[in-house]
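A quick write-up on the structure given underneath.
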Amino acid sequence: MARSYTLHSTATTPTGLDFSAELNHEQLAAVTSPGGPALVIAGAGSGKTRTLTFRVAWLLEQGIPAGSILLLTFTNKAAREMTGRVHDLLPGRADGLWSGTFHSIGNRILRRHAEAVGFRQGFSIMDREDAEELIATVVTRSGIVSTDKRFPKPGVLADIFSLAVNTGAPVSKILSRKYRYFIPLAEDIERMQIAYEARKKEANAMDFDDLLSKTLELLTLSPEIAEQLQFQHVLVDEYQDTNRLQSELVDRLAARHGNLMVVGDDAQSIYSWRGADCANILQFPATHPGTRVFKIETNYRSVPGVLDLANAAILPNTNQFPKNLAAIRAPHAVKPALVALPTNNLQAAFVAQRVLELVEEGMPLAEIAVLYRAHYHSMEIQMEFTRRGIPFAITSGLRFFEQAHVKDVAAFLKFAANPRDEMAFKRMIRLLPGIGNKSADALWERASEALQGENGFSRLAGFKVPPKAVKPWEQFVLTLTELAPSDAPPPRPDAMIQSALLGVYEDYMKEKFSNFEARREDLETLQTFARQFDTVEDFLSQLALLGGLDAPEQAASDQDRDKITLSSLHQAKGLEWKVVFLVWLTDGMFPSSRSIEDPAGLEEERRLFYVGITRCMDELYLTYPELRLGAGYGEAYQSPSRFLHELPDHLVEQWDVTGS
C-alpha cells in the first residue's frame with residue numbers, strides 16, 4: 001500500500017515579515033506606497049537596494065504573482081544580489097520573478113518573438129569582438145576605404161552606432177557631438193550603419209544594443225505581443241543612468257497597469273558621455289502624471305562632516321531634486337581636510353606620506369582610495385607609490401606606463417635612439433594602414449639592412465609598402481628623421497613625443513579609439529613627465545624601470561596583498577572607503593576644461609564631485625597643486641577648482657603643508 005504524502009504550498013506559509021521593524025520611515029513609505037507611477041530619490045548610502053528588495057517582497061505579500069513583477073537593473077551582480085535578497089526574505093515566494101539587466105530581459109523576450117522583428121529563432125548574440133568583425137567585413141565589402149582616406153576603425157564605428165541607437169540620435173548628430181573630425185565622412189558612416197543592420201539580419205545575429213532596440217520595436221509594431229508583455233508592477237534600479245532607449249522600453253512594459261516605480265539619485269547622474277540622460281529622472285513627474293515622489297535621505301555610510309560637505313557641494317546645481325543627506329553615524333574626530341600643495345609632484349608626495357601614516361595608525365590599505373577625474377591625473381601618484389613600495393590596485397585602467405598608447409609612442413623614441421630595436425620598429429609600422437605581422441616582418445628585413453649605411457632614416461623613404469600605407473609611410477619616415485636628424489643633435493624627449501603625435505600617432509588615435517581625447521591627455525601628461533630629462537636614453541630608462549618595477553611581485557601575490565585603490569570617479573560610483581583622497585581639484589582638471597563653458601556639462605561635473613565626496617565613510621582629503629610643473633613649455637599656475645570655492649569655509653580644515 002502506497003504511503004500518502006501532502007506537498008504544502010509555500011505561497012500560503014506565513015512569513016512573519018515585519019516591514020515597519022526592518023525599514024526606516026522614509027524607506028517604509030516608498031516600499032508600501034500604492035500603485036501608479038512613483039519616483040524614489042534615494043541619496044547616497046541611504047539603502048537603495050534594501051528599499052527595492054523590500055518593495056518586491058511587499059508586492060508579493062499583497063498577492064501580486066511573482067511572474068507579474070519586473071525588476072530591472074544595470075549589472076548582473078546587482079540583479080543577483082537583489083533577487084537573492086528577495087528569496088531570503090520570502091523563501092519560495094519569488095519563484096517566477098522577472099529580474100535581471102535590461103539586456104537579459106530583452107533577450108528573454110526576443111527568444112520568444114524574434115520573427116516579429118525580422119530575425120529567426122535561435123539567433124546568435126554577438127559580443128563586442130564579433131560585432132567589430134562584422135563591421136570590418138561590411139566596410140571591406142563596401143570598398144569605401146581607399147588609399148587617400150582614413151576611415152574609422154571598426155571599434156570606433158561600433159561606438160558611434162551604439163550611441164546613435166541608445167540615444168535615438170542620427171549618426172550625423174553623434175559625430176557633431178563627439179567625433180567632429182569625422183563629420184566629412186558622415187554620409188559614408190551612415191551607409192555603413194545601414195549595411196551593418198542588413199548583414200546582422202542575414203547572419204541572424206544581434207549585438208547587445210539590438211537586445212533593447214529590437215524589443216522596443218517589437219512592443220511598438222505588435223500590439224498583440226505588447227499586450228502579453230504587460231507587467232502589473234515594473235521597478236527600475238539606478239534610473240538616473242537610463243538612456244532614451246531604456247526609458248522608452250520601461251514605459252512600454254508598464255503601459256497597461258501604470259505601476260512603475262523608478263529608484264535613483266539625480267545627484268549621481270554622471271554618464272552622459274555614454275548616452276545616459278539625466279532628464280529621464282528629472283522630468284519623470286512631468287512625463288508620468290500623478291507621480292508620487294519619495295525621498296530617502298538618511299545616510300548609513302558617512303560621518304556628519306562628510307555629508308555636510310556633500311550637501312553643500314551639490315547645492316549650486318539648479319537642475320535637481322533638492323535633498324539633504326542626514327547621518328546616522330556619530331561625528332568623526334577630524335573635519336574633511338582641504339590641502340593646497342606647491343606642485344603636482346608634492347601633491348603626490350603628500351598623498352603617499354599621509355597613506356603611510358594612516359597605515360602606521362592601523363588603517364588597512366584596502367580601506368583607502370585615491371580618486372580623480374581622469375586616469376592621467378594619477379601618473380605622479382602611481383610613480384610615488386611605486387618608489388615608496390606602496391602596493392596599489394587601479395580600477396580606472398592599466399598602470400599608466402603599461403597602457404597601449406603610451407607604449408606606442410615610446411616605440412618611436414626607442415627606435416630613434418636604437419635603430420636595431422626590431423620590436424619597436426614592428427610596433428610602429430603596424431600602426432599604419434595595410435601593414436600586418438607578415439608585412440612588418442618583411443619590412444624589418446629590408447630596414448635592418450638599409451639602416452646600416454649612412455643618411456639615417458631617410459634611406460627608408462623608397463620602400464615598397466601596401467597601397468594603403470604609401471602616404472602614411474612617407475609621413476612615418478619624415479617623423480623618424482625629425483626624431484633623429486642626421487645633421488643635428490637629437491631633440492629633447494618631450495619634443496620627440498610631440499613630433500610622434502603630430503606626425504603619425506594623433507591621426508591613428510582618432511581612427512582607432514573612441515576615447516581619443518582621454519588618450520591625448522595621457523600623452524600630454526607623458527610629455528610633461530619627459531621634460532625633466534635631457535636625453536631620450538635617460539627618459540626611456542626611467543620609463544622602463546617604472547613600467548616594470550614591482551610587476552613580478554604583484555603578479556605572484558596579488559590575491560594576498562593589502563592594496564590601496566586608485567580609481568577614476570566614474571569607476572568608483574557605488575563603492576565606499578573609510579579614507580578618500582580627492583586629488584587634482586583645479587579648474588581645467590576638475591571640472592574638466594571642456595565642461596567649464598557648458599552649463600549642463602558643469603552641473604554633471606559637480607555631480608561627479610558629489611559622488612566622490614559621498615564615497616568617503618570617515619576621513620576625506622581634498623587636494624590640489626598650486627603649480628603644475630612641466631605644463632606647456634614650463635610651469636603653469638593652477639586655480640583651485642570652482643567647486644572648492646563653493647564650499648563654506650567652516651566645513652573644512654585647511655592644512656598648511658611645509659617641507660622638511
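Observations
- Scanning the stretch 249-263 for residues that are surrounded by 23 or more Cβ atoms within 10 Å (Cβ to Cβ) and farther than 24 Å from LEU221 by Cβ turns up MET261, VAL262, VAL263.
- Condition check for MET617: in contact (Cβ under 8 Å) with a residue 24 or more places away in the chain and more than 24 Å from LYS335 (Cα to Cα): no
- Pick from the stretch 272-294, criterion over 15 Å from ARG244 (Cβ atoms) and among the aliphatic types (A, V, I, L, M), ranking: surrounded by the fewest Cβ atoms within 10 Å (Cβ to Cβ): ALA286
- If you go through the stretch 526-541 and keep only what is surrounded by 14 or more Cβ atoms within 10 Å (Cβ to Cβ), in a loop (DSSP other than H, G, I, E, B) and hydroxyl-bearing (Ser, Thr, Tyr), you end up with nothing.
- Among the residues of the stretch 411-427, just one is closer than 19 Å to GLU474 by Cβ and in a loop (DSSP other than H, G, I, E, B), namely PRO419.
- Of all the listed residues (PRO331, PRO322, PRO316), the sole one being in a loop (DSSP other than H, G, I, E, B), closer than 22 Å to MET589 by Cα and assigned by TED's automatic domain parsing to the domain that holds VAL652 is PRO316.
The rows are residues; the columns are (1) among the aliphatic types (A, V, I, L, M); (2) under 24 Å from the mean Cα position of the chain (by Cα); (3) modelled with pLDDT of 95 or more; (4) within 17 Å of LEU72 (Cβ to Cβ).
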position	(1), (2), (3), (4)
PRO154	no, yes, no, no
ALA158	yes, yes, no, no
ALA203	yes, no, no, no
MET206	yes, yes, no, no
SER222	no, no, no, no
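- Selection status of ILE390, part of a loop (DSSP other than H, G, I, E, B), within 23 Å of LEU575 (Cβ to Cβ) and among the hydrophobic types (A, V, I, L, M, F, W, C): yes
- Within the stretch 179-218, the residues that satisfy the criterion of being basic (Lys, Arg) and free of Cβ contacts under 8 Å to residues at least 60 places away in the same chain are ARG180, ARG191.
- Within the stretch 404-418, the residues that satisfy the criterion of being surrounded by fewer than 19 Cβ atoms within 10 Å (Cβ to Cβ) and of a type outside the set (Lys, Arg) are ALA404, ASN418.
- Residue check for VAL86: more than 26 Å from CYS616 (Cα to Cα) and touching a residue at least 24 places away in the same chain (Cβ under 8 Å): yes
- Selection count, the stretch 111-131, where residues are acidic (Asp, Glu) and more than 33 Å from the chain's Cα centre (by Cα): 1
- Residues that are within 28 Å of the chain's Cα centre (by Cα) and farther than 20 Å from ARG430 by Cβ within the stretch 489-501 comprise just one, GLN498.
- Helices (runs of 4 or more DSSP H) (entirely within the stretch 189-288) containing at least 3 residues that are among the acidic types (Asp, Glu): 208-221
The values are calculated or read from the model by the stated rules, or taken from the named source; none is laboratory data. Since this is a predicted model, take the numbers as computed values, not measurements. Here Cβ is always computed from backbone atoms with ideal geometry, including for glycine, and neighbour counts include all displayed protein chains.
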